[in-house]
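One structure is given here, and the rest of the page talks about it.
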Amino acid sequence: MAMIEVKRIAKSFDVKRRDERTGRFVRDKLTVLKDFSVDFNQEGVTVLLGPSGTGKSTLLRCINGLETLDGGDILVDGMSVRDKRMLKKIRLTCGMVFQQTVLFPHLDVMNNLTMGPVKLLGMRRKEAGERARFFLNKVGLSNKEKARHNELSGGEQQRIAIARALMMNPKALLLDEITSALDPEMTSEVLRILENLAADGVCMLAVTHEMAFAQHVASRILFMEKGSLVCDAGKDEFFTVYRRENERIASFLKFIGE
Amino acid sequence: MQAFDFASYARFKWSDMALILRSAGLTMEVTLLSLAMGTLLGMLLGLQRCSKNRAVKFLPLIVMEPLRNSPLIVQLFLIYYGLPSLGFHIKAMPAALATLSLNTAAFFAVLVHSSILAIPGAQWETGYALGFNKFQIYVHIIARQAVRLLIPQAITLYISQLQCSSLVSFVSLKDLTKAGQVVAQKTLLPFLIYGIVAGIYFALSYPLARLARYLEKRTGFTI
């Protein structure tokens, strides 16, 4: 049994759209995922690629139970995201980091990290502190223990957010375009951390537009378009066979500069 | 113009001053009690306003909007003079307390609601993603920050309600303003007496205003 089983899920959003003819706002449904299935095992780094608006982020948010499904089901370690009582366990199993990271502004870095384990896992403060120092060291920010969110750069905040997710000891990390809001320097900073984590055997599921990351770190690549899976392949296969034979993937890779 | 007669100050006796100071006590009493009750009630209404349930969310507005959009003095008259005509007899003090409390609650609820809304939605999402439930996010994340936003605004509201408490003199309560009226009429020294009365209100309010400023600066974290 795979760790995450996505079974024929459907997800659409209610949107307001201005009617061209009448100029009034009308309710509309935007279908993002339709009859979408995929499995993830707890191994390596899976990268989700594809143009914007194809449902990559939505898929991650569904796995984390942040969105309610219209149809189908997702099982994380056998727990259904439809079961409200399981949500906490699911979210502890899959840590998530967002594009727009939020460190809680009323807490310093240390407390941002220890808050989850202390309040949710019942860890003792001292133990959590040691754990936090370990992960701060991992993301290269040991000297920022006492810093507040506004004293940190975007890249540093993102690294703290990764450490905060790791604090909960998840089986997998869901990374939702975590470098998209960063400049190239900070991006490489964050990606280096991810590479190290991957080398340590942390399982990741990442939506990204960083081809370098996909090429170096990914073990499996999913290419999505318009809410469906175009390709599900190993990295090497993707960058050779699919790039050559699938026109859509070829043009996407060309645009993105690879 | 009539020449000012300094001897007229002699009409202002120490006993008059004592009366004014004693009445300041009543003003404080009315203000503090109504602010305490108003804050509690306002907190409840404000939290209700944050609900996702439509009925729960809009119910408080039935109470709040009339209170926020009509003069306090009319509300006071409505309760003090209006209720007895319906058969509910109410004394001046309870009427004043009820009116001021309800009025405070209405404004306080808006502050609570807006402070909570001011915390960006991304913080909720981050909280959920970490595994917290709604209640835990409220307690550990949202409330901690909302309170810091709320306190300076609440103090400003309290100051304004302190000034508004002078209206209870209209329903025969012997508060600071009423005492000023009585003494001014007796001594025929309105400028001096009302000056003193205003000075006492100022002395009560100004430290609060400074405190609000201080807190605003100190807790001025960026979200």
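A few notes on this one:
- Residue list for region A:148-176, restricted to those being facing another protein chain (nearest Cβ under 10 Å), out of contact with any Gly (no Cβ under 9 Å at 6 or more places or on another chain) and surrounded by 18 or more Cβ atoms within 10 Å (Cβ to Cβ): A:H149, A:A161, A:D176
- Condition met for A:S188 (closer than 28 Å to A:S12 by Cα and either at pLDDT below 85 or out of contact with any strand residue (DSSP E or B) (no Cβ under 7 Å at 6 or more places or on another chain) (or both)): no
- Restricting region B:170-212 to residues that are in a helix (DSSP H, G or I), more than 17 Å from the chain's Cα centre (by Cα) and hydroxyl-bearing (S, T, Y) leaves a set whose member that is surrounded by the fewest Cβ atoms within 10 Å (Cβ to Cβ) is B:Y194.
- Residue check for B:L83: hydrophobic (A, V, I, L, M, F, W, C) and closer than 23 Å to B:S166 by Cα: yes
- Filter pass, A:I249 being in contact with a Phe, Trp or Tyr (Cβ under 7 Å, 6 or more places away or on another chain) and either of a type outside the set (S, T, N, Q) or not in a helix (DSSP H, G or I) (or both): yes
- Candidates are the residues of region A:177-191 that are part of a loop (DSSP other than H, G, I, E, B) and without any contact (Cβ under 8 Å) to a residue 60 or more places away in the chain; the one that is surrounded by the fewest Cβ atoms within 10 Å (Cβ to Cβ) is A:D183.
- Selection status of A:F104, of a type in the set (A, V, I, L, M, F, W, C) and more than 10 Å from every other protein chain (Cβ to nearest Cβ): no
- Strands (runs of 3 or more DSSP E) within region A:1-74 that include 1 or more residues surrounded by fewer than 13 Cβ atoms within 10 Å (Cβ to Cβ): A:4-18, A:25-40
- Within region B:140-150, restricting attention to residues that are at the interface with another protein chain (Cβ under 9 Å from one of its Cβ atoms) and surrounded by fewer than 22 Cβ atoms within 10 Å (Cβ to Cβ), the residue that is farthest from A:A163 (Cα to Cα) is B:R148.
- Once region B:50-75 is narrowed to residues that are within 22 Å of B:I142 (Cα to Cα) and among the charged types (D, E, K, R), the residue that is nearest to the chain's Cα centre (by Cα) is B:K57.
- Considering residues of region A:77-97 that are surrounded by fewer than 23 Cβ atoms within 10 Å (Cβ to Cβ) and hydrophobic (A, V, I, L, M, F, W, C) only, the residue nearest to the other protein chains (Cβ to nearest Cβ): A:L92
- In the set (1) more than 30 Å from A:K34 (Cα to Cα); (2) modelled with pLDDT under 90, the condition left unmet by A:D236 is number (1).
- Between B:S101, B:S70, the distinction of being assigned to a helix (DSSP H, G or I), more than 14 Å from chain A (Cβ to nearest Cβ) and modelled with pLDDT of 95 or more belongs to B:S101 only.
- Filter pass, B:L215 being under 20 Å from the mean Cα position of the chain (by Cα) and among the aliphatic types (A, V, I, L, M): yes
- Residues that are outside any helix (DSSP H, G or I) and either in contact (Cβ under 8 Å) with a residue 12 or more places away in the chain or more than 10 Å from chain A (Cβ to nearest Cβ) (or both), drawn from region B:104-134: B:A118, B:I119, B:P120
- Of all residues in region A:192-219, those satisfying the criterion of being acidic (D, E) and part of a loop (DSSP other than H, G, I, E, B) are A:D200, A:E210.
- Hey, B:S160 more than 10 Å from chain A (Cβ to nearest Cβ), hydroxyl-bearing (S, T, Y), assigned to a helix (DSSP H, G or I) and under 29 Å from A:N111 (Cα atoms) or not: no
- Filter result (more than 14 Å from chain B (Cβ to nearest Cβ), surrounded by 13 or more Cβ atoms within 10 Å (Cβ to Cβ) and assigned to a loop (DSSP other than H, G, I, E, B)) within region A:119-147: A:V139, A:G140, A:L141, A:E145
- Residues within region B:75-93 that are part of a helix (DSSP H, G or I) and loosely packed, with under 12 Cβ neighbours inside 10 Å, tallied: 1
- Residue check, A:T114 more than 10 Å from chain B (Cβ to nearest Cβ) and either farther than 22 Å from A:V202 by Cα or surrounded by fewer than 19 Cβ atoms within 10 Å (Cβ to Cβ) (or both): no
The values are calculated or read from the model by the stated rules, or taken from the named source; none is laboratory data. Keep in mind that what you see is a predicted model, and the values were worked out from it rather than measured. Glycine also receives a Cβ, built like all others from the backbone with ideal geometry; neighbour counts cover every protein chain displayed.
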